Amino acid sequence: MDAKDEPEHRPVIRKPATGYWFEDGNVVLSADFGSAKKKGSPTELLFRVHKSQLSNHSKIFNDMFGLGDGMEQSSEMFQGVPLVHLHDSALDVKIMLAAIYYPLTLISIFDGNAKPLAKAIMLFRMLKKYDMTELMAEFIPHLTAKWPNSLSGWDRREDHIDMVIEDAQRDEMDATQEPEVYVPKTITITPDPVAAILFARYFDLKGIIPVAFYDLSRLDIEDDFDDPHCSGRPAQWSALPGLNYRSLLRGRERLIDQARGMLRMHSQKVPNHVKACMPGCAARYSEAFVLAMRLEEGNYDILRHLRHFASRYGGLAQDGTSHIYMQGGPCPSCCRELERGFKEVREAIWNKIPSVFR
């Protein structure tokens, strides 16, 4: 074979990983970092860490290091300590070690936004691969907090997101010299339900899925992360698999139908004390629930819709004056009953979400 035909063997370039090279470390992990741009030499990133830290969190590493002296005798050495080659990318190893050494730096990747959640998926894959179940359990609450399992938690979440979006839009408007030609930027500060659904399905976090589906069911398909002019709450619509899309549409229609059925029932079953109230109160009570059945075209946010009705009549009840009745509305007492009724329907709808979105 001609010398020029022989494959060229380039030396491996080894680089210590910043922040993960501890002088008192007793094992070096190596991971592929690609090829150097200029010479094309393979590059490995080296992590000098502690066996005890890895063993405490991972059954895989605990078994590996449990071999004791036998491992050191059979392993390649680097600067006097065993060198262990991992079949993972350097980025994967780095995020796994960050979970061990710098866990607080990873909290932000569970905020729910699509790009950080991609890192969360990378992290959980590594934690799952190396059997770090307890470490996974510590991070899960940071994600589930974005997808609450109670209606009161959902309302707090929505209030917070509304405030964040309003502040962001105000800041962007203030920075624009010509508001009339202002085009809102994609809001990437809100949790992405598609990313959450994919994450939850991959790691079997079933409690997140129904709430994330409901969140997605309210959004406009035109508001996509890929659209630089997105003005609403965006989602990664293109990443949603077909079967999940069918579940989304079916669940959305079922929830709206059930909500209208509940509202219709309330409009037809007027409480006796409302019937015995001032003239016209019973009719106005029924009309309020009938009116709530009329959602604007494209509005599928039934929880927000009914929260508006509950707040409206709750505010009128607190007014406590007779001018509401004189202007054609229910009396203050019946306003309180309407507020209670709308809250009851909202709670019932919330409890239906897990059965309609799966």
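None of the figures in this text is laboratory data; all of them are computed from the coordinates on show. Here the structure is a predicted model, which means the values were calculated and not measured. Positions of Cβ are generated from backbone atoms using ideal geometry, with glycine treated the same way; all protein chains shown enter the neighbour counts.
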- Note on the structure: Taking r as the C-beta separation of Ala239 and Glu287 and R0 as 45 Å, the FRET efficiency to the nearest 0.05 is 0.55
- So what is the relative contact order of region 258-356, in percent, for Cα pairs below 8 Å that sit 6 or more residues apart? 30 percent
- Between Glu222 and Tyr102, the FRET efficiency computed from the C-beta separation at R0 = 51 Å comes out, to the nearest 0.05, as 0.85
- Where in region 328-358 is the amide nitrogen less than 17 Å from a point lying 7 Å along the Cα-to-Cβ axis of Arg260? 349
- Sparse-neighbourhood loop sites, trypsin sites (Lys or Arg not before Pro) in region 252-325 - DSSP loop, at most 14 other Cβ within 10 angstrom: Lys269, Arg294
- In nm, to one decimal, how far is the Asp204 label point from the Arg14 one, both placed 7 Å along Cα→Cβ? 3.9 nm
- Message: I want to check the label-to-label distance for Asp162 and Asp131. Put each point 7 Å from Cα in the C-beta direction and report it in nm to one decimal.
- Response: 4.9 nm
- Message: What distance in nm lies between label points placed 7 Å from Cα along the C-beta direction at Glu296 and Ala145?
- Response: 3.3 nm
- Nearest-0.05 FRET efficiency for Met278 and Glu347 at R0 = 22 Å, using Cβ-Cβ distance, is 0.20
- Identify the residues of region 134-149 with backbone N under 18 Å of a label point that sits 7 angstrom from the Cα of Phe22 along the Cα-to-Cβ direction, or state none. 135
